[in-house]
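*Asks:* Encoded as structure tokens, here's the structure I'll be asking about.
Just so it is clear, none of the values below were taken in a lab; they were calculated from the coordinates. This structure is a prediction, so every number in the text was calculated from the model and none was measured. Cβ sites come from the backbone with ideal geometry, for glycine too, and all protein chains shown count toward neighbours.
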Amino acid sequence: MALLHGMSPLAGFGFCLLVVLMVVMPNQANGSSRNAYFGQRNIVIQPSGICATSVIPHGYKCQEIEVTTQDGYILSVQRIPEGRLAGGDAKKQPVIIQHGVLVDGMTWLLNPPEQNLPLILADNGFDVWIANTRGTRFSNRHTSLQPDEPDYWNWSWDELVTYDLPAVFGYVYGQTGQKTHYVGHSLGTLIAVASFSEGLLVDKLKSAVLLSPIAYLSHMNTALGVLAAKSFVGEITTLFGLAEFNPKGAPASAFLKALCAYPGLDCYDLLTALTGKNCCLNASTVDLFLRNEPQSTATKNMVHLAQTVRDGVIAKYNYGNPDFNVMHYGEARPPIYNLSNIPHNLPIFISYGGQDALSDVRDVQLLLDSLKFHDVDKLTIQYIKDYAHADFIMGVNAKDIVYNQIVSFFKHQR
Ligand SMILES: *[C@@H]1O[C@H](CO)[C@@H](O)[C@H](O)[C@H]1NC(C)=O
Ligand SMILES: *[C@@H]1O[C@H](CO)[C@@H](O)[C@H](O)[C@H]1NC(C)=O
Ligand SMILES: *[C@@H]1O[C@H](CO)[C@@H](O)[C@H](O)[C@H]1NC(C)=O
């Protein structure tokens, strides 16, 4: 039984990507070129997709689905409609699960089946939908653009708020006719609270679970992370252009080397330095993680996250020049997402860790402050002293500590 103490892979938000560059990454199969349609529209066969590799072998049903956003991105979604012991005639409540940045929906499924969140939810009678953000390997198509065109990468997390989440919510609602529960990790929490604050999605939402929440980021407490964030709002775009940010590419590798040459930075234990000291990871799961992640994202998305770190407010993408901001927003400064506008009666469950370097407890406190007018009985907060960023999705004891609480929270909402 090998638990890696102090070993914390990226999982979710992060400049963590840097880490992986220090590890030899096997070449990853390209998930394009496939997709025989059959039967029902939107349902596709992907021989190497998430269902085929990580769900069906464990004895669960799983459908690969394509959902097209209003701006043309074709997203891959996996549906696990029931548990291994099907049955139960009651209408199952849908749950949408949303991963963080630089990873994809696969990260939820890396632990053994009895330990991972999607399959635990399915076995508890939920209809599970795993989302994959634009630009990740199974969501890398568009109705007219190709991923090798810079225009394909012209988006930040604003577009995940405006297009990706509404597309997935709309599809699930259309199929099930029911309001959905939501689980987000890391960036999956930021885009959710930003959406809810604009009044989006809430008409199709039953409740929301926020794991390792990032909203405010100004206390992110890793020297390397802070430096990386500074670079992303600084010279970075001349290094990468405003297109794809591929953590496995040569420019990212050079970027890492340059950062690590900085006086006082210790890149030896980079994983811990970036995400915090995860208490409870399984060595086999970490191996699997490194074989599957990280995934590309848009450089503009990283810049936008870095602006959030720098500015200490949750606002739309800053074009860096008042005139450009006026052009896009009609104001010199980008509009803010005011989290106090999240409907006060929305059931929310927040779980955060004492060792999490990306979701620092002081930033979580700011998030909680902005929810201070929330109905007291609609807000559940869990603090896990030993947990860091990756423990929430891959911890060997996450079932006992977190997932069972999520299940009972959801059941409580019925
Ligand atoms: C770690 O993962 C391996 C492979 O999935 C599994 O066989 C083993 O039981 C896991 N260990 C623990 C402590 O959960
Ligand atoms: C990127 O998209 C924005 C709108 O979101 C548009 O104003 C801008 O011109 C686009 N940039 C490029 C380089 O196409
Ligand atoms: C957010 O909204 C609340 C209540 O609607 C208001 O009191 C607060 O000033 C707003 N915050 C900002 C930064 O605009």
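*Asks:* Just grab the label-to-label distance for Asn321 and Lys91, each label 7 Å out from Cα along the Cβ direction, in nm (one decimal).
*Replies:* Reported label-point gap for Asn321 and Lys91 is 5.2 nm.
*Asks:* Roughly how many Å is it from the Cα centre of the range 149-194 to that of the range 389-411, as a whole number?
*Replies:* Centre-to-centre (Cα) distance: 22 Å.
*Asks:* If you don't mind, there's one more thing I want to ask. List, in the order given, every pair from Lys378/Lys411; Lys91/Lys411; Lys61/Lys248; Lys204/Lys378; Lys316/Lys385 whose Cα-Cα distance in the structure shown is over 24 Å.
*Replies:* Over 24 Å Cα-Cα: Lys61/Lys248; Lys316/Lys385.
*Asks:* Hey, another quick one. I need His185, His58 ordered by Cβ neighbour count within 10 Å, fewest first.
*Replies:* Arranged by neighbour count, lowest to highest, His185, His58 become His58, His185.
*Asks:* Take Trp155, Trp108, Trp129 and order them by how many other Cβ atoms sit within 10 Å, fewest up front.
*Replies:* Trp155, Trp108, Trp129
*Asks:* Residues in the range 278-322 near a label at Ala332, defined as backbone nitrogen under 12 Å from the 7 Å Cα→Cβ point?
*Replies:* Zone members listed by number: 321-322.
*Asks:* Rounded, prolate or oblate: which one fits the range 70-139, using the alpha carbon gyration tensor with axes a ≥ b ≥ c (rounded when a/c is under 1.5, else prolate when a/b beats b/c, else oblate)?
*Replies:* Note, shape of the range 70-139 comes out oblate.
*Asks:* Using amide H atoms built 1.01 Å from N in the peptide plane, name the residues 5+ places from Ile381, or on other chains, whose amide H lies under 5 Å from its own.
*Replies:* Ile350
*Asks:* Additional query: Under 5 Å between amide H atoms, partner at least 5 residues away or on a different chain: which partners does Thr68 have, H built in plane at 1.01 Å?
*Replies:* Leu75
*Asks:* Taking the Cα centre of the range 274-411 as origin, work out the dipole magnitude from +1 charges on Lys and Arg Cβ and -1 charges on Asp and Glu Cβ, in debye rounded to 20.
*Replies:* About 100 debye.
*Asks:* Report ³J(HN,Hα) in whole Hz for each residue of the range 113-128, in order, from the Karplus equation J = 6.51 cos²θ - 1.76 cosθ + 1.60 where θ = phi - 60°; Gly and Pro get x.
*Replies:* x, 6, 10, 9, 4, x, 6, 5, 5, 4, 5, 8, x, 9, 9, 9
*Asks:* For the residues Val101, Val303, what sequence is obtained by ranking on other C-beta atoms within 10 Å, fewest first?
*Replies:* So the ranking, lowest neighbour count to highest, is Val303, Val101.
*Asks:* Using a basic spin-label model with each label point 7 Å from the Cα along Cα→Cβ, how many nm lie between Lys248 and Ser218?
*Replies:* Label at Lys248, label at Ser218, 3.8 nm between them.
*Asks:* How much length is gained if the chain between Glu114 and Asn154 is pulled fully straight, taking 0.36 nm per residue apart and subtracting their Cα-Cα distance, in nm to one decimal?
*Replies:* Extending this stretch completely gives an extra 10.5 nm.
*Asks:* Please report the net charge: other residues with Cβ closer than 13 Å to the Cβ of Pro147, K and R +1, D and E -1.
*Replies:* Computed value for this residue: -1.
*Asks:* Report ³J(HN,Hα) in whole Hz for each residue of the range 396-401, in order, from the Karplus equation J = 6.51 cos²θ - 1.76 cosθ + 1.60 where θ = phi - 60°; Gly and Pro get x.
*Replies:* 5, 9, 4, 4, 5, 7
*Asks:* Starting at the first residue of the range 188-201, write each ³J(HN,Hα) from the Karplus equation 6.51 cos²θ - 1.76 cosθ + 1.60 with θ = phi - 60°, in whole Hz, x for Gly and Pro.
*Replies:* x, 8, 4, 5, 6, 5, 4, 4, 4, 5, 8, x, 7, 6
*Asks:* Amide H of Val183: which non-local residues (sequence gap of 5 or more, or other chain) have their own amide H closer than 5 Å, using H built in the peptide plane?
*Replies:* Correct list: Ile96, Ile97, Gln98, Val209.
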